[in-house]
Amino acid sequence: MPGLTVPDQKKLGGYDFYREVLGSPKYVVAPMVDQSELAWRRLSRRYGAQLVYTPMINAKMFSDPKHKYREEVFNIIVGEEGGPEDRPLIIQFCANDPEQLLTSAKTLEPYCDAIDINLGCPQDIARRGHYGSFLQDEWDLIYELINALHRNLSIPVTAKFRVFPTVEKTVEYAKMLERAGAQILTCHGRTREQRGHKTGLADWDKIRAVKEAVSVPVFANGNVLFHADVERLLAATGADAVMSAEGNLYNPALFSSAPHPLLSEESPTACTSSASSLPPASPLPTSTYLTGTHPRHTTLALEYLDIVKTQQTQTPLRCVKGHLFKLLKPALSRETDLRDRLGRVRYEKPETAMWDKYEEIVKELDERMQRDAKATEGRPLESLVTVDFATGLPVLPHWLAQPYVRPPPPAPSKAQGTLSDMKAGKRSQPETEDTPEATETSKRVKPESETTEVVVTAQDG
Ligand SMILES: Cc1cc2nc3c(=O)[nH]c(=O)nc-3n(C[C@H](O)[C@H](O)[C@H](O)COP(=O)(O)O)c2cc1C
């Protein structure tokens, strides 16, 4: 297991770093504001994540030693964040000033394996703060940001970016990031414009072109909902690893393959027949998607709450609320009384009182899920899977953790994908739902303090 950074240790780069320090991870959990916090990182690692990123930290605010923000975003004092059980870990910053970035990165370099720079955030908050994808046209500045860390840190610098509209520019950009000193590149296959209702599909071909053009490891990001997508993305792009954000939030076991065959071996015709009943837009047969682990979501939620309760590092209420609403989503539209109770939990001290309230609600939901699961006992999973007609994707029984798939936008443009795209395994990417928790998070977002790349819309909830 990678240990704490030793300052005089030889600094490795590229594949040496990827293999010897990170342990050749293939399964990576993305940086996610308010969602890739310590407790979630721990849960994700238990279920197969091999490398995890922190939520993005604003270098400008972090570089001010008196700012309260510092303790909030990364707790050095308790010692759990970045400690032996929280490795390998990459800490992500957004920045537009090399000096501020270096000061902040220096403070946290002993607690992680690399520092990542967010060059992908497309939100208005990033436009106002002048960071993320809004630096995409300022190549000299980006070069300086990366190069300052490359020359001055004892650990490697990495970069996460969005693609450009053309393959040529995307490749040219990736090569510049590599020249500046980035030792791993994460390529999110969407452009800066692909956000909100225009989110659409990630372009795996551009990721492949980047992978072929650079010599450092490349992580591929975008369009991963089911476990089967992980292997397909690796195969389609040749990338070294897959990074997941939303897929991981709805099923933190996304990276684990099924513990046993979910489809009975002796009944391949059963899969074929279930596949043949799919609507014409179905991307792939249902059986293709049932290769991963989908634990009962209430079990995952209780495990997560247990981590929150037992670790010393405090978890903000908004993180916990966000996770519970996403994880439990398949059941909450049925169990509306419990959904309302979840939404009514407010901040109080001691914090354990809030966690106890959540636990009580989740346990109640768990009993109902056990009841529903029991009612179908003996039936093979494939017979319980239905198909979402709008997307052609499988919908698992409501007690199992699974991706949340929003209907595709009404008039698909080229970027949003066609039927043949779907058949090729590409499809509409979900946006964040408008659950009470998401609305709450979006309301409290302050300029420059934090961001999420996902736009909150008011279409459901
Ligand atoms: C809740 C949430 C928070 C996010 N926060 C960050 C962030 O802090 N830094 C970043 O680079 N990307 C952030 N993203 C973007 C993801 O890292 C990822 O690039 C994007 O969601 C596409 O991956 P996916 O298709 O697996 O969701 C966030 C995404 C979500 C859903």
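The values are calculated or read from the model by the stated rules, or taken from the named source; none is laboratory data. On a predicted model such as this, the values are computed, not experimentally measured, just so you know. Here the Cβ is made from the backbone with ideal geometry for all residues, glycine too, and neighbour counts use every protein chain on show.
Structure summary
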item: For GLN100: the one exception among (1) in a helix (DSSP H, G or I); (2) within 16 Å of the ligand (Cβ to nearest atom); result: (2)
item: Hits in the stretch 193-218 (condition: out of contact with any Lys or Arg (no Cβ under 8 Å at 6 or more places or on another chain) and either farther than 21 Å from VAL405 by Cβ or among the aromatic types (Phe, Trp, Tyr) (or both)); result: GLU193, ASP205, LYS206, ILE207, ARG208, ALA209, VAL210, LYS211, GLU212, SER215, VAL216, PRO217
item: ARG162 being in contact with a strand residue (DSSP E or B) (Cβ under 7 Å, 6 or more places away or on another chain), of a type in the set (Lys, Arg) and in contact (Cβ under 8 Å) with a residue 40 or more places away in the chain; result: yes
item: Selection count where residues are out of contact with any Gly (no Cβ under 9 Å at 6 or more places or on another chain) and farther than 15 Å from ALA114 by Cβ, scope the stretch 144-169; result: 7
item: Residues that are under 14 Å from ILE90 (Cα atoms) and not polar (S, T, N, Q), drawn from the stretch 46-55; result: ALA49, LEU51, VAL52, TYR53, PRO55
item: Identity of the residue in the stretch 236-248, assigned to a helix (DSSP H, G or I) and in contact with a strand residue (DSSP E or B) (Cβ under 9 Å, 6 or more places away or on another chain), that ends up surrounded by the fewest Cβ atoms within 10 Å (Cβ to Cβ); result: ALA236
item: Some residue of the stretch 256-277 being of a type in the set (S, T, N, Q), in a helix (DSSP H, G or I), at pLDDT 95 or above and farther than 21 Å from ASP86 by Cα; result: no
item: Checking SER24 against (1) within 16 Å of the ligand (Cβ to nearest atom); (2) of a type in the set (Gly, Ala, Ser); (3) surrounded by fewer than 24 Cβ atoms within 10 Å (Cβ to Cβ), the condition it does not meet; result: (1)
item: Among (1) among the hydroxyl-bearing types (Ser, Thr, Tyr); (2) touching a Phe, Trp or Tyr at 6+ places or on another chain (Cβ under 6 Å); (3) at pLDDT 95 or above; (4) surrounded by fewer than 23 Cβ atoms within 10 Å (Cβ to Cβ), the one test that TYR289 misses; result: (3)
item: Whichever residue in the stretch 108-142 is surrounded by fewer than 17 Cβ atoms within 10 Å (Cβ to Cβ) and in contact (Cβ under 8 Å) with a residue 24 or more places away in the chain and, among such residues, is farthest from VAL216 (Cα to Cα); result: ARG128
